[in-house]
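Here is the structure we will look at.
Each value in this text was obtained by applying a stated rule to the coordinates, not by laboratory testing. Remember, predicted model here, so these are calculated numbers, not experimental data. We place every Cβ from the backbone using ideal geometry, glycine too, and count neighbours over all the protein chains shown.
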Amino acid sequence: MKGYIHSFESFGTVDGPGIRFVVFMQGCPMRCKYCHNPDTWNFNGGKEYSPEEVVKEVLKYKSYIKKGGVTVSGGEPLVQFDFITELFRLLKDEGIHTALDTSGVTFNRSDDRYKRLIKYTDLVLLDIKHINEEKHKEITGHTNKNTLDFARFLSENGVDIWIRHVLVSNLTDNDDSLYELKVFIDGLKTVKKVEILPYHTMGEVKYVKLGFDYPLKGVQPPAIERIENARKILTVKDNT
Ligand code: SF4
C-alpha cells in the first residue's frame, strides 16, 4: 500500500497536543479561499511512501514526541483513507498518540471503514469552515453536510475532537454564525477544545508561485478584539 505525501514536519507544535511529527498528505478536493497550502491540492503530486516507511521516519523522533505524537494533515488526509488507517494502526502498535487533521468533507456514514479508522485515532482536529451550508459552499466549493455528520459520528463513537475554525473578516467572522456554530458544538459530547485560527496572508506567496489568483487579495488578518470575541463565543471548557 502506498500513500502520497507532500511533506513531513518533525517538531510540530500547533497541530495537536505536545510536540508532534506531522505528515502532510498530498491532494485535496476543497478549494478554501483562505487555504495557505495550495501546493498540497494536486492529486498527482507528492512522494510515494508505504505506511511502514512513514513509521520508520517517525521512530527517528520517538523520544521527542513521547508526550505528543503524530498528526496526519494535508491536503485532505481522508482522501487516502486506507493508507492513514494502516499508518495509525502501526503507530498505535508503537504506543504513539495519533491525531487526524481533517475537514471531514469525504465522510460517508455508510462506509464501514470509518469505524476501523477511529479505532486507531486518538484525536480528530476537525476544521469546520462555516456552519452555514451556503457560506460553506462559497468558501470551499463544497457542502458542509459531511463535515457536520462526521462530527456527530465522532461524538457518538466517543472520539475526542478539537474543533478548528479559521477566522476571516467578512467571511467567517460574524457573531450570528459563531453563535450558531457554538450551538452545534454544544450538541457534541466529545469536544475537548475549540481553536480559533486567525486568517493570515502567509500563503499568498505560494499562489503567486503556482500561478493561481489569490482569492482573498487585500483581506487583512482579523483584529485582536475580533479574535478575542470569537474565542469568547466559542469557548468550551478546556479538558484536554
Ligand atoms: S481543506 Fe485544507 S488543504 Fe484543502 S483547501 Fe481547505 S484549507 Fe486547503
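Structure above, values below:
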read-out	value
Cubic angstrom per residue, convex hull over Cα atoms of the range 3-234	120
Mean separation of Cα contacts under 8 Å (6+ apart) over length of the chain, as relative contact order %	17
The range 113-178: relative contact order in percent, alpha carbon pairs under 8 Å with at least 6 residues between	40
Antiparallel bridges, percent of DSSP beta bridges restricted to the range 3-234 (to nearest 5)	25
Rounded, prolate or oblate (a/c below 1.5 giving rounded, otherwise prolate when a/b exceeds b/c) for the range 109-176 by Cα gyration tensor	prolate
Relative contact order computed over the range 1-41 (Cα-Cα under 8 Å; 6+ residues apart), in percent	35
Cysteines, the chain, no other Cys beta-carbon under 4.7 Å	28
The chain, dipole about Cα centre (Lys/Arg Cβ +1, Asp/Glu Cβ -1), debye to the nearest 20	380
Qualifying lysines (Cα of each under 20 Å from Cα of residue 206; at least 8 residues distant if same chain)	33, 47, 217
Tensor-based shape of the range 1-64 (alpha-carbon gyration tensor, a/c under 1.5 rounded, otherwise prolate or oblate)	oblate
